[in-house]
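Here's the structure we're looking at; comments come further down.
Just so it is clear, none of the values below were taken in a lab; they were calculated from the coordinates. Source: prediction; values computed, not measured. Neighbour counts run over all protein chains shown; Cβ positions are idealised from the backbone, glycine included.
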Protein chains: 4
Amino acid sequence: SRYEYVKQFELDDSALPGTWMVVRIDGRGFHGFTDMHKFEKPNDLRAIHLMNRAALEVVRNIRDIIIAYGQSDEYSFVLPASSTLYSRRISKITSTIVSLFASNYTMHWAEYFPDTKLLVPPCFDARLVCYPTQKTLRDYLSWRQADCHINNLYNTSFWAIVHSGKTEQEAEERLRGTFSKDKNEILFSDFNINYNTLEAVYRKGSVIIRQETEVKSVSQKSGEEVVRLRRLPAVLHDDIISNEFWKEHPELLVSSQEYE
Amino acid sequence: SRYEYVKQFELDDSALPGTWMVVRIDGRGFHGFTDMHKFEKPNDLRAIHLMNRAALEVVRNIRDIIIAYGQSDEYSFVLPASSTLYSRRISKITSTIVSLFASNYTMHWAEYFPDTKLLVPPCFDARLVCYPTQKTLRDYLSWRQADCHINNLYNTSFWAIVHSGKTEQEAEERLRGTFSKDKNEILFSDFNINYNTLEAVYRKGSVIIRQETEVKSVSQKSGEEVVRLRRLPAVLHDDIISNEFWKEHPELLVSSQEYE
Amino acid sequence: SRYEYVKQFELDDSALPGTWMVVRIDGRGFHGFTDMHKFEKPNDLRAIHLMNRAALEVVRNIRDIIIAYGQSDEYSFVLPASSTLYSRRISKITSTIVSLFASNYTMHWAEYFPDTKLLVPPCFDARLVCYPTQKTLRDYLSWRQADCHINNLYNTSFWAIVHSGKTEQEAEERLRGTFSKDKNEILFSDFNINYNTLEAVYRKGSVIIRQETEVKSVSQKSGEEVVRLRRLPAVLHDDIISNEFWKEHPELLVSSQEYE
Amino acid sequence: SRYEYVKQFELDDSALPGTWMVVRIDGRGFHGFTDMHKFEKPNDLRAIHLMNRAALEVVRNIRDIIIAYGQSDEYSFVLPASSTLYSRRISKITSTIVSLFASNYTMHWAEYFPDTKLLVPPCFDARLVCYPTQKTLRDYLSWRQADCHINNLYNTSFWAIVHSGKTEQEAEERLRGTFSKDKNEILFSDFNINYNTLEAVYRKGSVIIRQETEVKSVSQKSGEEVVRLRRLPAVLHDDIISNEFWKEHPELLVSSQEYE
Ligand SMILES: Nc1nc2c(ncn2[C@H]2C[C@H](O)[C@@H](COP(=O)(O)OP(=O)(O)OP(=O)(O)O)O2)c(=O)[nH]1
Ligand SMILES: Nc1nc2c(ncn2[C@H]2C[C@H](O)[C@@H](COP(=O)(O)OP(=O)(O)OP(=O)(O)O)O2)c(=O)[nH]1
Ligand SMILES: Nc1nc2c(ncn2[C@H]2C[C@H](O)[C@@H](COP(=O)(O)OP(=O)(O)OP(=O)(O)O)O2)c(=O)[nH]1
Ligand SMILES: Nc1nc2c(ncn2[C@H]2C[C@H](O)[C@@H](COP(=O)(O)OP(=O)(O)OP(=O)(O)O)O2)c(=O)[nH]1
Ligand SMILES: O=P(O)(O)OP(=O)(O)OP(=O)(O)O
Ligand SMILES: O=P(O)(O)OP(=O)(O)OP(=O)(O)O
Ligand SMILES: O=P(O)(O)OP(=O)(O)OP(=O)(O)O
Ligand SMILES: O=P(O)(O)OP(=O)(O)OP(=O)(O)O
Ligand SMILES: [Mg+2]
Ligand SMILES: [Mg+2]
Ligand SMILES: [Mg+2]
Ligand SMILES: [Mg+2]
Ligand SMILES: [Mg+2]
Ligand SMILES: [Mg+2]
Ligand SMILES: [Mg+2]
Ligand SMILES: [Mg+2]
Ligand SMILES: [Mg+2]
Ligand SMILES: [Mg+2]
Ligand SMILES: [Mg+2]
Ligand SMILES: [Mg+2]
């Protein structure tokens, strides 16, 4: 039609080739959303499991995603430097991932919150950031996991103080200006909590990678049960800051070797 | 932390000021999705109503959206040239709209498809396109409505032929190379259908604008019922190509007058 | 060769269609450059003529440029919304204009500064800015001409005070906090200068447009002199803020009418 | 002024941090330019020296440039991944480099072409391309040097044939479909030219790096001559494809180690 010229106003928004692409989604106004749905404080395990489930479905769906990391109301999905998903078009990649995440979160809500009605549709913002090297990618993931640690240590201390009978304002004042070691100390001496033995899911957040998994199926021919190895996404709570994790999963970084 | 430098890799992606911003979302792989959920052909009214509902919720939520237009598996949301939503950051605007749409579509599915289980999470891509003037914006909307017309005339003819007992291949051959007037003629002489009298929702798609609406409420003081006028989003099936619509709703284009 | 893949790292940088493109160049470190070459203060007419000459050659060379405006060490070149020069690639357009300007400035230096050796190669930065409408384009040009006025009124007052025997510091103090009308008053009462009668080239800067010009040539056939009208770039010192100029040159804005 | 809002239309165009930035300039229409100024074929040494001089001045001026490579009518300037020149703003960097190059080319023309008047101002386009890793940067430079080799081998063969009395068309036909080794063979058997012993400046192009150089000066105190080492840009004709060059100049790649 004579209107088709308007298609030309769509500009190319390809991401720089040879760079890692990270899509980070983050809950919009989850301060209010978590309140409204009475999430437990500081961490609601149902909420964490729902976030992980939505992310798992995204990773199942988008085959190029090599690793994902989530904490609080956010999740980061990593595409390798060699990915050519949607010709690396930023809007396509970002919108596909964020809308998949949102609809999965909504669809699976009732499984994880069987007693809580979903009152408003969850919404997430998303952005795509390029990282040029393995080092900068790892630093990105370390940044998010360090953020998880800092916030969780604070929140754990804060709610321990509050649950012990103080007001939120008193808890805030008690923690103002403290360093990590101070909070560890407070937790230990005042509440007998050894922070480092808390469950890793809270301290480390959640990591999704594709792992060799034994999958049982029944052979159609023989009727016998066969066990095959398949690479399936799984949720871990590992430390991804230290080198150990990356040595254990060398395939994660191999993908960008053609550029480095 | 020492990792925070990675935040700098997020580049500014602001849209050009003074331009209309259009976010178009489009169902990902809806050829398969509509098949899987047995959508009626050529148009499933439940599906249209669900799309409109999801869009309506988006418009309710994002106050800057001034008009939206939907057809098939797509919806376009228009932000005026003067909008400063999220400082006009493209990723923020696009991701917020598309994830809201996706979660609303999922959340309200059962209301519109009470007898059909949602088998897979719906996914939508999204892009933001800038249009510099009222004319180019109107041409954009005309482009989408003309597309609706062309596809719907074709699909209506196609399925009329098929439902009359022909194969899909025969229907395709019958229509190959035909012009609009030929299809109108086929519909009229072979099936006694006057295309122009088909319901506007199919021929024109759906338009959402904010309309003065009488809202009744009970005064807390007097206990009497009061009627107030509020601008609430409503779904229309008007022709938005011709001037008439725009003359009836002069407020739509007024918003960009400071730039033109 | 096996290295050609690196060409893919060149990303598309097209300017939004349907928008006016303005390339503004500005002398790099001209504070020092003008000092070093002993430019007269506040305005050196040789320098202005050289700037205009370089700009004129750019306009002669790049046929899409419809109007240009210069003052101080800067020049703005305007391409109409309908221009498809270099497929609207920002880097191509910007670099071509700025390098043409720089080499012309250098090449013609000796014509305008016959007694001053060019000591260092002149350098200019450049940027391309899109303006979506006639109004925003005109406001852009008004911005630059208003800037010319403000600076020139200040500089004229400043140097008048200095030339009357005060130190630069005294002049600065005398002008601190003054408004336009105060400076006009100072010029008039202290120095008997009516600012508005100063030459327009200083007060208004320089405008280049293509004007119908009588060009004489000798017919090869008849040997007779023929006069033809051609549109040739010419330098004016008009006010481009008020409507008058644009009414006199309606062809300037006509070019974008297909979009507005 | 009330027009200042137009400044907001300047969008941020920063290059991705942590990536090498390469600005490549290329003569505009140098097919015609070299003809008009009767450049020798296939290579005019005066032209090469002038290109190198202009590039040298650019490197002297822009301290962040770490290496530059030139051949034919083009030059590439490399800024390290860690560079923060002009906050990595693409337009600023590109326009500054290209205009410096153009004005230097013009200014020094007469030194290198004492008998040839500069008839038209030279013009260069420029683009900035980001390379995420040392490997991709090296592949970029290899791409340009391989291009130099391919073109020079072709041109050397072509003009040898032409100078031997054939037409240009005959030369073209003779070379059509030949591989490198064929052209080497033609040169050797027909013209007794061993291509590999031709001067490196033609075969390899020109490389500029900063080298420790002994600089003599007279001490102001003692009046004695002192020799100091300074890093000054120098022109080489080395092979930059093989590893040797990079091993000899480890400082070139060190600069990006913080990211890799
Ligand atoms: N109670 C509770 N709150 C949580 C949990 N996980 C996340 N939240 C809350 C804590 C924060 O208020 C919020 C996440 O902080 P953000 O910085 O993302 O802010 P918010 O989403 O409110 O605003 P935004 O739209 O992202 O700018 O979500 C949880 O497991 N339990
Ligand atoms: N049966 C039926 N199908 C519909 C209806 N509305 C849309 N569709 C189908 C027709 C098309 O196959 C599809 C929309 O076409 P698209 O060009 O968007 O393709 P699709 O979504 O498959 O792929 P994409 O991911 O957008 O490239 O949705 C409906 O009301 N009924
Ligand atoms: N004496 C004299 N100076 C002039 C004349 N025209 C321009 N200039 C000087 C005044 C300013 O110092 C300078 C222009 O100011 P800018 O803001 O462009 O600063 P400058 O070029 O030094 O730095 P930049 O690289 O643009 O950030 O040029 C003139 O006709 N005579
Ligand atoms: N005779 C002669 N010609 C040369 C020499 N160096 C470069 N050239 C010419 C050969 C080519 O025609 C031209 C460079 O080719 P380009 O692909 O850059 O094309 P050109 O500059 O004409 O067009 P462009 O504006 O870059 O698209 O310059 C030289 O030393 N001697
Ligand atoms: O933590 P981020 O990256 O979301 O940063 P922010 O401070 O929330 O800012 P924004 O979401 O507006 O980018
Ligand atoms: O109709 P559109 O705009 O979605 O265009 P397309 O041909 O589907 O292409 P894409 O979705 O890949 O932009
Ligand atoms: O006057 P401009 O546009 O050059 O603005 P500036 O303040 O000089 O800044 P820059 O040249 O760094 O954009
Ligand atoms: O060789 P290049 O990179 O200049 O590529 P090109 O084919 O000349 O194209 P353009 O100069 O238009 O980018
Ligand atoms: Mg945020
Ligand atoms: Mg949030
Ligand atoms: Mg958050
Ligand atoms: Mg599509
Ligand atoms: Mg679709
Ligand atoms: Mg569609
Ligand atoms: Mg400046
Ligand atoms: Mg300047
Ligand atoms: Mg200036
Ligand atoms: Mg080129
Ligand atoms: Mg060239
Ligand atoms: Mg070239």
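Residues of region A:129-143 that are touching a residue at least 40 places away in the same chain (Cβ under 8 Å) and either within 16 Å of ligand 3 (Cβ to nearest atom) or under 14 Å from the mean Cα position of the chain (by Cα) (or both): A:Tyr140, A:Leu141, A:Ser142.
Taking every residue in region C:83-97 that is within 17 Å of A:Asp12 (Cα to Cα) and pairing it with any residue that is assigned to a helix (DSSP H, G or I) and not hydroxyl-bearing (Ser, Thr, Tyr), at least 6 positions away or on another chain, the pairs with Cβ-Cβ distances below 6 Å are C:Tyr86/C:Lys92; C:Tyr86/C:Ile93. Across region C:24-41, the qualifying residues are those that are at the interface with another protein chain (Cβ under 10 Å from one of its Cβ atoms) and in contact with a helix residue (DSSP H, G or I) (Cβ under 7 Å, 6 or more places away or on another chain), and the one among them that is surrounded by the most Cβ atoms within 10 Å (Cβ to Cβ) is C:Ile25.
Each row is one residue, and each column tells you yes or no for (1) within 16 Å of ligand 17 (Cβ to nearest atom); (2) more than 14 Å from chain B (Cβ to nearest Cβ); (3) under 22 Å from C:Ser255 (Cβ atoms).
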site	(1), (2), (3)
C:Ile65	no, yes, yes
C:Tyr69	yes, yes, yes
C:Ser82	no, no, yes
C:Leu85	no, yes, yes
C:Thr94	no, yes, yes
C:Ser99	no, yes, no
C:Val120	no, yes, no
C:Cys130	no, no, yes
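Among the helices (runs of 4 or more DSSP H) confined to region C:190-254, the ones with at least 1 residues that are hydrophobic (A, V, I, L, M, F, W, C) and closer than 19 Å to C:Asn152 by Cβ are located at C:200-204, C:243-248.
Of all residues in region D:13-36, which are away from ligand 20 (no atom under 12 Å from the Cβ), of a type outside the set (A, V, I, L, M) and out of contact with any Ser or Thr (no Cβ under 6 Å at 6 or more places or on another chain)?
The initial filter retains those residues of region D:13-36 that are away from ligand 20 (no atom under 12 Å from the Cβ), namely D:13-23, D:32, D:35-36.
Then keep just the ones that are of a type outside the set (A, V, I, L, M); that gives D:13-14, D:17-20, D:32, D:35.
Passing the criteria: D:Ser14, D:Pro17, D:Thr19, D:Trp20, D:Gly32, D:Asp35.
A single entry from B:Ser82, B:Ser87, B:Ser157, B:Ser95 fulfils the requirement of being within 30 Å of A:Val129 (Cβ to Cβ) and crowded, with 23+ Cβ neighbours inside 10 Å: B:Ser95.
Filtering region A:102-112 to residues that are buried (at least 17 other Cβ atoms within 10 Å of the Cβ) and either more than 7 Å from chain B (Cβ to nearest Cβ) or within 17 Å of the chain's Cα centre (by Cα) (or both) leaves A:Ala102, A:Ser103, A:Asn104, A:Tyr105, A:Thr106, A:His108, A:Trp109, A:Tyr112.
The set of residues from region A:16-28 being assigned to a loop (DSSP other than H, G, I, E, B) and either within 16 Å of ligand 8 (Cβ to nearest atom) or within 17 Å of the chain's Cα centre (by Cα) (or both) comprises A:Pro17, A:Arg28.
Based on what the data block shows, is B:Phe39 out of contact with any Ser or Thr (no Cβ under 6 Å at 6 or more places or on another chain), within 16 Å of ligand 6 (Cβ to nearest atom) and outside any strand (DSSP E or B)? The answer is no for B:Phe39.
D:Ile67 falls short on exactly one of the conditions (1) β-branched (Val, Ile, Thr); (2) more than 19 Å from the chain's Cα centre (by Cα); (3) closer than 21 Å to D:Tyr202 by Cβ, and that condition is (2).
Sub-6 Å Cβ pairs linking a first residue in region B:182-206 that is crowded, with 18+ Cβ neighbours inside 10 Å to a second residue that is of a type in the set (Lys, Arg), at least 6 apart or interchain, number zero.
Out of A:Asp44, A:Asp115, A:Asp12, I need the residue that is away from ligand 3 (no atom under 16 Å from the Cβ), of a type in the set (D, E, K, R) and surrounded by 16 or more Cβ atoms within 10 Å (Cβ to Cβ). Which one?
Details: A:Asp115 fails: surrounded by 16 or more Cβ atoms within 10 Å (Cβ to Cβ); A:Asp12 fails: surrounded by 16 or more Cβ atoms within 10 Å (Cβ to Cβ).
Answer to the selection: A:Asp44.
Against the list (1) surrounded by 15 or more Cβ atoms within 10 Å (Cβ to Cβ); (2) within 12 Å of chain D (Cβ to nearest Cβ); (3) outside any loop (DSSP other than H, G, I, E, B), the condition C:Leu50 fails is (2). Filtered by the rule that a residue be of a type outside the set (Val, Ile, Thr), out of contact with any Cys (no Cβ under 9 Å at 6 or more places or on another chain) and at the interface with chain A (Cβ under 9 Å from one of its Cβ atoms), region B:1-23 gives B:Ser1, B:Arg2, B:Tyr3, B:Glu4, B:Tyr5, B:Lys7, B:Glu10, B:Asp13.
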